[in-house]
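The values are calculated or read from the model by the stated rules, or taken from the named source; none is laboratory data. Being a predicted model, the structure only gives us computed values, none of them experimental. Note: ideal-geometry Cβ built from the backbone for every residue, glycine included; neighbour counts use all protein chains shown. Note: areas computed on protein heavy atoms with side chains; ligands, DNA, RNA excluded. Shrake-Rupley method; radii C 1.70, N 1.55, O 1.52, S 1.80 Å.
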Amino acid sequence: MNIASHMARAGRAFQERPALMKGGVVLQTYGGVSDRVARLASALAGRFGLKAGDRVALALSNCPEYLELLYGCWHAGLVPVPINAKLHKSDFSYIFENSEATLCFTSTKLMGVIEPLKGVALQTVVEVPSDDYQRMLAQDPLPLVTREPDDPAWLFYTSGTTGQPKGAVLSHRNLLAMCLCYFADVDQQAPWNAILHAAPMSHGSGLYGLPHVIQAGCHIIPESGGFDVEEIYRLIEVTPGLVFFAAPTMVKRLLDHPVDTDTANLKTIIYGGGPMYVEDCLGALERFGPKLAQLYGQGESPMTITALSAAIHGDKEHPHWLRRLSSVGIAQSAVEVRSANKDGAYLPDGEVGEVLVRGETVMNGYWRNAEASGQALAGGWLHTGDYGVLDEEGFLTLKDRSKDLIISGGTNIYPREIEEVLVKHPQIAEISVIGRPDREWGEAVVAYVVPKRGLRIDTASVEKFCIENMARFKRPKHYRFVESLPKNNYGKVLKKTLREMEKSVQE
Ligand code: AMP
């Protein structure tokens with residue numbers, strides 16, 4: 001079972017269907033792209049002498065070649081290592097060495113960073129696009145290399161909000177199960193679909209490219225190369241059946257942009273990867289209608305732990321509608337989800353514990369890291385490090401990552417609960433809550449607040465708002481007003497950086 005068989009199949013069955021577009025122009029049909037995939041695979045195996053199971057690094061920003069490179073690697077039995085193009089050179093270097101990738105494809109603008117890293121593992125760097133790359137496409141096509149379901153298919157380096165990234169080894173089976181869950185739980189197939197890759201293809205958007213190859217949908221690469229709000233609204237206007245994956249911060253940017261665009265063409269915005277506050281979810285439903293679907297996943301179980309479908313988003317009459325919107329949905333079809341205490345014992349509905357997952361999408365382990373694999377997969381369950389609670393209907397509400405929990409006066413305080421309230425304050429644009437060591441309470445709640453543009457925040461009004469809307473012991477003891485929150489390249493707020501910033505603040 002080789003995940004690349006889907007591309008070969010689409011190339012035969014849907015030869016003339018557009019596979020790739022940029023700037024409103026069709027660049028490749030499925031017939032064309034599947035042919036290029038087989039030729040690239042031939043060059044990878046022949047010219048570079050790579051053998052099944054070898055890793056190939058993709059240090060690329062979103063580009064039309066991304067898709068054919070992923071499938072070219074799989075076609076030749078290789079293991080792509082997609083790396084976020086915005087990482088620091090020390091991260092690239094670490095990932096090259098750790099994955100032992102000898103070949104890297106990189107964008108022109110990254111050549112200056114990647115070329116000098118040739119050495120311990122990395123031997124060859126190919127610029128994309130380039131004449132050299134073009135020559136690879138002149139090889140005779142390679143027949144599809146056979147792979148077993150548990151053979152590695154994608155080395156997914158975790159986004160590293162803490163410590164060194166670890167490479168989650170995702171198999172062909174994991175990726176296939178993720179695709180089937182996409183259709184079962186996240187977004188149903190339609191006669192015509194197009195996926196816009198506005199978020200990094202090294203992560204969620206690239207992973208969700210796979211189900212769109214299965215159904216021979218079109219892949220659209222934005223001209224801006226990334227998440228440009230105006231371009232997205234323009235594309236929505238002209239592209240029927242448009243789907244895209246966005247981190248919640250990106251959805252918020254879409255909402256902050258006043259528009260009168262007709263969004264009838266939009267099929268689904270799939271959000272996930274970080275907390276979506278109910279306030280923003282309601283704003284998005286008002287702007288786009290019930291065309292939102294949420295997923296909760298992590299690199300170790302890609303895009304697949306729970307999902308909140310568009311139908312549930314739209315089911316306003318349901319007595320638990322609002323509660324459901326604040327959840328991350330129900331277990332996806334290929335996995336089981338539990339919450340457990342620190343000894344691994346399952347907790348009853350309604351009790352907060354660590355979220356555990358097992359099933360077809362869960363990785364077999366981390367790349368050459370038996371200790372971390374053993375810990376993450378203890379007892380046969382993936383320990384997500386997220387805290388959550390399942391309700392009696394099976395909906396999971398995430399609290400916070402275990403390390404973000406604040407314990408003040410011996411009581412657990414979940415930053416997310418405070419953020420959910422404060423984000424509704426009329427002067428607040430963004431908020432992130434952390435704990436700081438406190439002699440009296442153990443930890444004290446600190447709110448980092450980004451004011452809405454042009455507004456000054458009046459602390460007394462925020463304090464009053466807290467007293468009206470949350471238990472007194474939860475309200476922040478300190479406020480820090482900042483212009484923006486530190487975020488990683490996927491748009492996740494870096495609480496670790498906030499905690500470091502907090503260390504330098506004297507009270
Ligand atoms: P990554 O491995 O980089 O994809 O990060 C995975 C982590 O992102 C999860 O363990 C969660 O902490 C967080 N996350 C993913 N999806 C969601 C979601 N829908 N809501 C809240 N947090 C999420």
- Candidate residues Arg416, Arg234, Arg358: accessible-area rank, largest first, probe 1.4 Å: Arg234, Arg358, Arg416
- Query: So what are the ³J(HN,Hα) numbers for the range 382-397, from phi and the Karplus equation (6.51, -1.76, 1.60; θ = phi - 60°), rounded to whole Hz, Gly and Pro as x?
  - Reply: 6, 8, 6, x, 9, 9, x, 9, 9, 8, 5, 9, x, 7, 9, 10
- Within the range 1-123, percent of DSSP bridges classed antiparallel, to nearest 5: 30 percent
- Message: Residue by residue through the range 287-295, what is 3J(HN,Hα) from phi via Karplus (6.51 cos²θ - 1.76 cosθ + 1.60, θ = phi - 60°)? Round to whole Hz and write x for glycine and proline.
- Response: 6, 10, x, x, 10, 10, 9, 10, 10
- Message: With n ≥ 4 as the cut-off for DSSP H runs, can you work out [θ] at 222 nm for the chain, using -39500 (n - 2.57) per run divided by the number of residues, rounded to the nearest 500?
- Response: -8000 deg cm²/dmol
- Item | Ranked packing of 421-430, 437-446, most packed first, by mean Cβ within 10 Å | 421-430, 437-446
- Note on the structure: For the range 1-138, the dipole about the Cα centre with charges only on Cβ (Lys and Arg +1, Asp and Glu -1), to the nearest 20 debye, works out at 260 debye
- Query: Excluding ligands, DNA and RNA, what is the solvent-accessible area per residue of the chain at a probe of 1.4 Å, expressed in Å²?
  - Reply: 41 Å²
- Query: Just the C-alpha atoms of the range 89-140: what Rg/Rh do they give, with Rh taken as the Kirkwood radius?
  - Reply: 1.01
- Message: Please compare each pair in Lys51/Lys86; Lys89/Lys399; Lys474/Lys503 to a cut-off of 31 Å on the Cα-Cα distance and tell me which ones are over it.
- Response: Lys89/Lys399
- Rounded to the nearest 20 debye, dipole of the range 198-292 from Cβ charges on Lys, Arg, Asp, Glu: 340 debye
- Task: Would you grab the residues whose amide H sits under 5 Å from the one on Gly442? Only those 5+ places off in sequence or on another chain, please, with H modelled 1.01 Å from N.
- Result: Gly409
- If you project the alpha carbons of the range 333-436 onto their three principal axes, what span does each projection cover, largest first, in Å? 46, 34, 29
- Message: Could you work out the relative contact order of the range 406-503? I mean the mean sequence separation of Cα pairs under 8 Å and 6+ apart, divided by the number of residues, in percent.
- Response: 27 percent
- Task: Could you point to the residue in Val33, Val126, Ala59 farthest towards the positive end of the range 1-157's charge dipole, with +1 and -1 charges on the Cβ of Lys/Arg and Asp/Glu respectively?
- Result: Val33
- Message: Quick check on packing: order 387-395, 32-40 by the mean number of other C-beta atoms within 10 Å, highest mean leading.
- Response: 32-40, 387-395
- Message: Nearest 5 percent is fine: what portion of the DSSP beta bridges confined to the range 406-503 is antiparallel?
- Response: 80 percent
- In order through the range 335-344: 3J(HN,Hα) via Karplus (6.51 cos²θ - 1.76 cosθ + 1.60), integer Hz, x for Gly, Pro: 9, 10, 10, 9, 10, 9, 7, 5, 8, x
- Message: Please report the antiparallel percentage of the DSSP beta bridges confined to the chain, to the nearest 5.
- Response: 55 percent
- Message: Which one, Gln139, Trp154, Tyr271, projects farthest toward the positive side of the charge dipole computed for the chain from Cβ point charges (K/R +1, D/E -1)?
- Response: Gln139
- Give me the angle, in degrees from 0 to 90, between the Cα long axis of helix 172-181 and the longest principal axis of the Cα atoms of the chain, rounded to the nearest 10. 60 degrees
- Carbon/sulfur accessible area of the range 406-503, % of total, 1.4 Å probe, equals 51 percent
- Item | Lys, Arg +1 and Asp, Glu -1 on Cβ, resulting dipole of the chain about Cα centre, debye, nearest 20 | 620 debye
- Want the number for Arg358 to Met111: 0.36 nm per residue separation, take away the alpha-carbon distance, what's left? 84.9 nm
- For the range 406-503, restrict the atom set to alpha-carbon positions and state the Rg and Dmax in Å. 13.0, 39
- Packing-ranked peptide list from 62-72, 466-476, highest mean Cβ count within 10 angstrom first, is 62-72, 466-476
- Query: Given the Cα atoms of the chain, and with Rh set as the inverse mean 1/r over their pairs in the Kirkwood sense, what is Rg to Rh to two decimals?
  - Reply: 0.97
